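The values are calculated or read from the model by the stated rules, or taken from the named source; none is laboratory data. Nothing here was measured: the structure is a model prediction, and the numbers come from that model. Here the Cβ positions follow ideal geometry from the backbone for every residue, glycine too, while neighbour counts run over all protein chains shown. Calculation scope for accessible area: heavy atoms of the full protein, side chains included, ligands and nucleic acids excluded. Shrake-Rupley method; radii C 1.70, N 1.55, O 1.52, S 1.80 Å.
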Amino acid sequence: MVRGADLALIIGLSVVGVAGALVVIAATPWGIGLSPDSAAYIGGARSLLRGTGFSSPTDSGGFAPIVHFPPLYSLVLAALAVLGADPLQGARWLAALLFACNVILAGALGFAVSRSTPLSLMIGLFVFAALPM
């Protein structure tokens, strides 16, 4: 059975996490991918979908393997594209989901350490409001 304090923590962290995801969605209406790294990962996902492997186009019209970036993120974006999402929009929704998970997990970790519902909710809010996030 869930205690009242545990239910308040679950609901509170869920609300803060969903609010965080909505902020990410609102802040990225055209998707994410403004840095060269993001372009490499999204390009890698698109090349996987084309069947050319984890590669990028070259000046000569061929494809060269991408060797400076790990492929897992591009694989996840390609998997989302197989389900119907463009890799750029898939990256946007994945970022929103992972941000919500970060908020919820930080609050849950705070609760595991402190056993304080108010402190755990405050930790979740701090992660939500952190400038780098």
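Per the conditions (1) surrounded by 14 or more Cβ atoms within 10 Å (Cβ to Cβ); (2) part of a loop (DSSP other than H, G, I, E, B); (3) modelled with pLDDT under 90; (4) not acidic (Asp, Glu), the sole criterion not satisfied by residue 38 is (2). Among the residues of the range 60-111, those identified as in a helix (DSSP H, G or I), open to solvent by 60 Å² or more (accessible area, probe 1.4 Å) and either touching a strand residue (DSSP E or B) at 6+ places or on another chain (Cβ under 9 Å) or of a type outside the set (Ser, Thr, Tyr) (or both) are 72, 75, 82, 93, 97, 98, 102, 104, 105, 109.
Within the range 44-59, the residues that satisfy the criterion of being open to solvent by 90 Å² or more (accessible area, probe 1.4 Å) and part of a helix (DSSP H, G or I) are 46, 50.
Being among the aromatic types (Phe, Trp, Tyr) and at pLDDT 90 or above is a property that holds for residue 93.
Residues that are without any contact (Cβ under 8 Å) to a residue 12 or more places away in the chain, of a type outside the set (A, V, I, L, M, F, W, C) and in a helix (DSSP H, G or I) were ranked within the range 112-128; the one that is least open to solvent (accessible area, probe 1.4 Å) is 114. Condition (residue is crowded, with 18+ Cβ neighbours inside 10 Å, in contact with a Phe, Trp or Tyr (Cβ under 8 Å, 6 or more places away or on another chain), part of a helix (DSSP H, G or I) and at pLDDT below 95) applied to the range 22-30: is it met by at least one residue? Scanning the range 22-30, I find at least one residue that is crowded, with 18+ Cβ neighbours inside 10 Å, in contact with a Phe, Trp or Tyr (Cβ under 8 Å, 6 or more places away or on another chain), part of a helix (DSSP H, G or I) and at pLDDT below 95, so the answer is yes.
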